[in-house]
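Working notes, beginning with the structure itself.
Just so it is clear, none of the values below were taken in a lab; they were calculated from the coordinates. Predicted, not measured: the structure shown is a model, and the values here were computed from it. Virtual Cβ from ideal backbone geometry, glycine too; neighbours counted across all protein chains shown.
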Amino acid sequence: MKQEVQKMANTQKLDSQVVSEPCTVFLIEDDYDDRLLAKSELMESEHIKEVLCFSDGEELTEYMKKNGYMDKSIMLMSPMLILVDLEMPKKNGLEILDELKKDTFLQDIPMVVVSGTDSEEKLQKAHDLGADGVFSKPLKVDMLDKYYTSAWQWPPKQMWMQ
């Protein structure tokens, strides 16, 4: 799979001339220290204006419902990115991906898995569920910025386990 991804990466070109306003990132990470480290790293990016942290998938879902993200009559204009840990209690990263990617209103929000696992089975499942990419822990903002394009339009499946 990694060779296939690398081949795709070599054929894609980023439009680095397009500038978009900084966005809000939703970070779902159950480990407190990892959450603080990732948030600190993300805030280093000029493309990110704020990072909202959630300790599990249920907390994310509750927040999104309460704030209109799942209301089909409300169109949110600010670009957004969801970064999700794969291994979590309550609702894990795969369950979050499955839920949000099935929602036609939310499925176009870029969702990236941040994982400490190297399980090909779990990574393939994330890919199959529609993850826009996977980063290894610890998250490095320079890798994230490398794939930033207008309105968080990710080059497809280009960042798997970088």
What residues have an amide H closer than 5 Å to that of residue 88, excluding those fewer than 5 places away on the same chain, when H is modeled at 1.01 Å from N in the peptide plane?
93
If packing is taken as the average count of other Cβ atoms within 10 Å, what order do 98-104, 34-40 fall into, highest mean first?
34-40, 98-104
I need 84, 51 ordered by Cβ neighbour count within 10 Å, fewest first.
51, 84
Amide H neighbours of residue 45 at under 5 Å, excluding residues fewer than 5 places away on the same chain, with H built from the backbone geometry, are none
Pairs 65/102; 49/125; 49/90; 66/137; 66/91: which are spaced more than 24 Å apart, C-alpha to C-alpha?
49/125; 49/90; 66/137
Exposure proxy order (Cβ contacts within 10 Å, fewest to most) of 55, 119
119, 55
Under 5 Å from the placed amide H of residue 133, counting only residues 5+ away or on other chains, we find 113
